[in-house]
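Here's the structure, in structure tokens; my notes come after.
The values are calculated or read from the model by the stated rules, or taken from the named source; none is laboratory data. Just so it is clear, the structure is predicted and the values come from calculations on it, not from any experiment. Don't worry about glycine lacking a Cβ; one is built from the backbone with ideal geometry, like all the others, and counts go over all protein chains shown.
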2 protein chains.
Amino acid sequence: MSDFFSVISTTKGVRSGILKFRDGTEVTTPTFMPVGTRGAVKSMSPELVKSTGSGILLANTYHLHLSPGGEVVKAGGGTSKWMNWHGPTLTDSGGFQVYTLGKIRKISEEGVKFRNPVNGDTIFLSPEKSIQIQHDLGADIIMAFDDVVDLHNERHRQREAMERTHRWLKRCVTEHERLLKLNFPEGDGPKLFGIVQGGLSKELRMESLEFIQSQAVDGIAIGGLSVGETREEMHEMLEFLADKFDDSPRPHYLMGVGHPVDMRKAIECGIDMFDCVLPTRNARHSSVWITGDEQISLKAERFKLSNEPIEVGCDCYSCVNNFTKSWFRAQYKANEPLAGALAGVHNLRYLQRLCEGYRSK
Amino acid sequence: MSDFFSVISTTKGVRSGILKFRDGTEVTTPTFMPVGTRGAVKSMSPELVKSTGSGILLANTYHLHLSPGGEVVKAGGGTSKWMNWHGPTLTDSGGFQVYTLGKIRKISEEGVKFRNPVNGDTIFLSPEKSIQIQHDLGADIIMAFDDVVDLHNERHRQREAMERTHRWLKRCVTEHERLLKLNFPEGDGPKLFGIVQGGLSKELRMESLEFIQSQAVDGIAIGGLSVGETREEMHEMLEFLADKFDDSPRPHYLMGVGHPVDMRKAIECGIDMFDCVLPTRNARHSSVWITGDEQISLKAERFKLSNEPIEVGCDCYSCVNNFTKSWFRAQYKANEPLAGALAGVHNLRYLQRLCEGYRSK
């Protein structure tokens, strides 16, 4: 835990740090983690993803568990090797995906039962099960299994969900430590992050942050935001939490956030890590960020004859090689997946440049 | 014309040659040209395409004319630059695509009228129009506009179509020479290939070959094959034509062929160039070639836990980087386009390795 993360400098609440992984890789923070849901960042070769300055890749436990299954990824050498990423990876716990299933899940103290949307099989995920699958998947950072509430329809069970998240974290830690002892006697096992919940209640968030920080976890994640609240509500919560983090050298990870405006706010509130499908999903729909967080559509008629790259001065693969807006527009109109992939490279690089601007080295 | 192509050696009918392009690029033959229909080889970055050993890219005049239009590609610096290929390109004439429109086209001596399948506009293509669009698109090799017949439903008009193809070639040559004089006074204009037609009639094919070879064209293409005839019929025609080619240093291009079995036969009958969507389309449907032209599906259950590359010993990007069959299978099941792209890289490399095996340097 002690070597895993160090804060190099803190300036006006902004932390500049380094994550050190078991294979010797170092990733400087703040950093954004692209999402390779099922073993690939959609349409992008690992080289292209690396070219954006991305250091850590996120893979989804829920999706990989459903297909092809943790045992397949394990047999392939774990997420990093199987995906041909050959760098640090993080797996989420499945808690968020289970939450998005809505009515077709059944939550109990033991865990969550739901139907596999693909084949109808009944699937059961619990804190122990999630940790076991994540150990199989073999990522460098794994996440606690949490109970996420819907801010609109389930506000009444915010406290209940938070308290369950806390009880589940204890079970996660126990299972994680059992597996670490069993499989990593030399201490080179994965790192476990706990997840702060509490919806939009400052009281609950405070209580949750204190609890999570009191546990034997290697990182502090903020969950349950970016789930339908307004930008103001999210920013207010980030500001509230900013000076409540303790001094332990643990990274702060804001889950599911990938809009540059939110990332700036979060970084200024002491957040070190992010993940989101937004930059790559937006890109598939032709939407890219350019200077000043302006969002433009590469399908726009005005780009028909534009021989300029997406953003003049950008150092991403797509801009440096001058894939022009004229070319992008034509490819989007022709439903060519390469357009989304190369615009995604730009968006990822845009977010990494944003992060780099806050780093001291 | 004299510098454009040279045959280095001929062994048992197999020609090993070099194409020299106006930018100084040399492409050794036999060679296969990947198809970048609308300005991209589906889902593949130009680097990945280049990594397969491909030297020339084909783009489709018909598709680019419909969208975004030749003027857009011209404003972007021509196919090679606009597509970010930065190497030699070839455009077809639209003749074959117009043929596939079937009943919705109307052929007259002047040209072909058809409805734009996208917006219903009436579009007219003629030999002159096709050459003009191809000059706008700016490829290094352009193709004559031909009248392709359906071997099953239009066999009765084989002679008519062949003779029209010949008359149209004369109009293509005239228009091409007019544009060359106008825009390329220094002689660095595109090369024009004529297309041999004649269906499955040896008599007509012979007549057509002699006519095409008598014209001022820079290359001899065989069209109207790989359109529904049996493999035996195609091979018989290739064998028939093999010793009928004249000695002029002009490349022989078999259009629309990309199956390794047919390519071997064709190369042994003196063919130098090929194009086809087969290797990339097959790959999108999980089908790849391995040693001995065996075709396997990467979706097969038996590959669930296979940590081997597509083909052990293959030097393509995907095999060298060991994207495993286990990974491919899972990505196909998840509809991840990267699987098709990387399997396409393997298939293209498979065909280029096949070609390289026949080259003397």
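Tabulated data for the structure shown
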{"quantity": "Residue tally, condition more than 20 Å from the chain's Cα centre (by Cα) and assigned to a loop (DSSP other than H, G, I, E, B), over region A:2-20", "calculated": "4"}
{"quantity": "Residue selected from region B:39-53 under the condition crowded, with 22+ Cβ neighbours inside 10 Å and part of a loop (DSSP other than H, G, I, E, B), by the criterion farthest from the other protein chains (Cβ to nearest Cβ)", "calculated": "B:T52"}
{"quantity": "Single residue of region A:54-66 satisfying the filter (more than 16 Å from A:V118 (Cβ to Cβ) and outside any loop (DSSP other than H, G, I, E, B)) that is farthest from the other protein chains (Cβ to nearest Cβ)", "calculated": "A:L58"}
{"quantity": "Test: residue in region B:300-309 that is touching an Asp or Glu at 6+ places or on another chain (Cβ under 6 Å) and surrounded by fewer than 24 Cβ atoms within 10 Å (Cβ to Cβ)", "calculated": "no"}
{"quantity": "Candidates A:V98, A:V148 - the one that is at pLDDT below 95 and either outside any loop (DSSP other than H, G, I, E, B) or hydroxyl-bearing (S, T, Y) (or both)", "calculated": "A:V98"}
{"quantity": "Test: residue in region A:108-117 that is surrounded by 14 or more Cβ atoms within 10 Å (Cβ to Cβ) and out of contact with any strand residue (DSSP E or B) (no Cβ under 9 Å at 6 or more places or on another chain)", "calculated": "no"}
{"quantity": "Breaking point among (1) of a type in the set (D, E); (2) out of contact with any helix residue (DSSP H, G or I) (no Cβ under 7 Å at 6 or more places or on another chain); (3) more than 11 Å from chain A (Cβ to nearest Cβ), for B:D92", "calculated": "(2)"}
{"quantity": "Region A:162-210: number of residues that are closer than 25 Å to A:M234 by Cβ, assigned to a helix (DSSP H, G or I) and touching a residue at least 40 places away in the same chain (Cβ under 8 Å)", "calculated": "9"}
{"quantity": "Residue within region A:347-359 that is out of contact with any His (no Cβ under 6 Å at 6 or more places or on another chain), charged (D, E, K, R), free of Cβ contacts under 8 Å to residues at least 12 places away in the same chain and buried (at least 16 other Cβ atoms within 10 Å of the Cβ) present", "calculated": "no"}
{"quantity": "Among (1) within 12 Å of chain A (Cβ to nearest Cβ); (2) surrounded by fewer than 21 Cβ atoms within 10 Å (Cβ to Cβ), the one test that B:S318 misses", "calculated": "(2)"}
{"quantity": "Candidate set from region A:143-186 (those that are of a type in the set (A, V, I, L, M, F, W, C) and farther than 20 Å from A:M255 by Cα); member that is surrounded by the fewest Cβ atoms within 10 Å (Cβ to Cβ)", "calculated": "A:L182"}
{"quantity": "Failed item in (1) assigned to a strand (DSSP E or B); (2) modelled with pLDDT under 95, with B:D23 passing the rest", "calculated": "(1)"}
{"quantity": "Test: residue in region A:74-84 that is surrounded by fewer than 21 Cβ atoms within 10 Å (Cβ to Cβ), under 30 Å from A:T31 (Cβ atoms), hydrophobic (A, V, I, L, M, F, W, C) and touching a Leu at 6+ places or on another chain (Cβ under 9 Å)", "calculated": "yes"}
{"quantity": "Tally, over region B:67-95, of residues that are β-branched (V, I, T) and part of a loop (DSSP other than H, G, I, E, B)", "calculated": "0"}
{"quantity": "Lone qualifier among A:G78, A:G70, A:G17, A:G53 - being in contact with a helix residue (DSSP H, G or I) (Cβ under 6 Å, 6 or more places away or on another chain) and either over 27 Å from B:V41 (Cα atoms) or among the aliphatic types (A, V, I, L, M) (or both)", "calculated": "A:G70"}
{"quantity": "Looking only at region B:20-37, and only at residues there that are surrounded by 23 or more Cβ atoms within 10 Å (Cβ to Cβ) and of a type outside the set (A, V, I, L, M, F, W, C), the one that is nearest to the other protein chains (Cβ to nearest Cβ)", "calculated": "B:G36"}
{"quantity": "Single unsatisfied condition, B:S43 versus (1) closer than 23 Å to B:L254 by Cβ; (2) in contact with a helix residue (DSSP H, G or I) (Cβ under 9 Å, 6 or more places away or on another chain)", "calculated": "(1)"}
{"quantity": "Count of residues meeting criterion [under 16 Å from the mean Cα position of the chain (by Cα) and at the interface with chain B (Cβ under 8 Å from one of its Cβ atoms)] in region A:67-86", "calculated": "0"}
{"quantity": "Failed condition for A:G111, given (1) at pLDDT below 95; (2) small (G, A, S); (3) not assigned by TED's automatic domain parsing to the domain that holds A:L192", "calculated": "(1)"}
{"quantity": "Test: residue in region A:276-296 that is surrounded by 15 or more Cβ atoms within 10 Å (Cβ to Cβ), over 30 Å from B:V73 (Cα atoms) and either in contact with a strand residue (DSSP E or B) (Cβ under 8 Å, 6 or more places away or on another chain) or modelled with pLDDT under 95 (or both)", "calculated": "yes"}
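Here is a yes/no grid of residues against (1) under 23 Å from the mean Cα position of the chain (by Cα); (2) within 13 Å of another protein chain (Cβ to nearest Cβ):
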| position | (1), (2) |
| --- | --- |
| B:E308 | no, yes |
| B:C314 | no, no |
| B:K325 | no, yes |
| B:A330 | no, yes |
| B:K333 | no, yes |
| B:L338 | no, yes |
| B:A341 | yes, yes |
| B:G344 | yes, yes |
| B:Y350 | yes, no |
